[in-house]
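Novice: Following this message is one structure expressed as structure tokens.
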Amino acid sequence: MITWALNFSLVCFGLALLMNVYRIFRAPGVPDRVLALDTMVINTIAVLTLLGIIEGTGVFFEASMLFAMVGFVSTVAYAKFMLRGDIIE
């Protein structure tokens with residue numbers, strides 16, 4: 001039963017990633033594209049975590065933590081760039 005649930009959740013997050021890619025290319029404005037990229041980072045973290053559970057190894061968990069840190073920093077940097085026009089003051 002847990003195998004079925006993990007596979008179902010992988011399919012759901014895969015579809016969510018495809019919808020994010022669509023939104024990146026078809027978004028009406030730049031803030032919508034940034035939001036789609038941030039959501040894509042969250043969905044990728046979920047997929048990596050699910051793969052770590054399925055495979056039973058900690059490498060995927062470490063990769064998801066690194067991906068979370070890079071995604072957070074890039075989102076904050078881009079938001080700061082959109083508000084002020086520069087990243088480093």
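Novice: Which pairs turn up if I take residues in region 50-79 that are under 27 Å from residue 31 (Cα atoms) and of a type in the set (A, V, I, L, M, F, W, C) and look for partners that are loosely packed, with under 14 Cβ neighbours inside 10 Å and at pLDDT below 95 with beta carbon separation below 8 Å, at least 6 apart in sequence or on another chain?
Specialist: From region 50-79, the pairs are 77/87.
Novice: For residue 34, state whether it is of a type in the set (A, V, I, L, M, F, W, C), within 21 Å of residue 15 (Cα to Cα) and modelled with pLDDT under 90.
Specialist: yes
Novice: If the requirement is being surrounded by 15 or more Cβ atoms within 10 Å (Cβ to Cβ) and touching a Lys or Arg at 6+ places or on another chain (Cβ under 7 Å), which of these qualifies: 16, 36, 68, 46?
Specialist: On inspection, the qualifying residue turns out to be 36.
Novice: Does region 59-86 hold any residues that are within 12 Å of the chain's Cα centre (by Cα), within 11 Å of residue 48 (Cα to Cα) and not hydrophobic (A, V, I, L, M, F, W, C), and which are they?
Specialist: Within region 59-86, 64 is the sole residue that qualifies.
The values are calculated or read from the model by the stated rules, or taken from the named source; none is laboratory data. Quick caveat, the model's predicted, so the values are computed rather than measured. Glycine also receives a Cβ, built like all others from the backbone with ideal geometry; neighbour counts cover every protein chain displayed.
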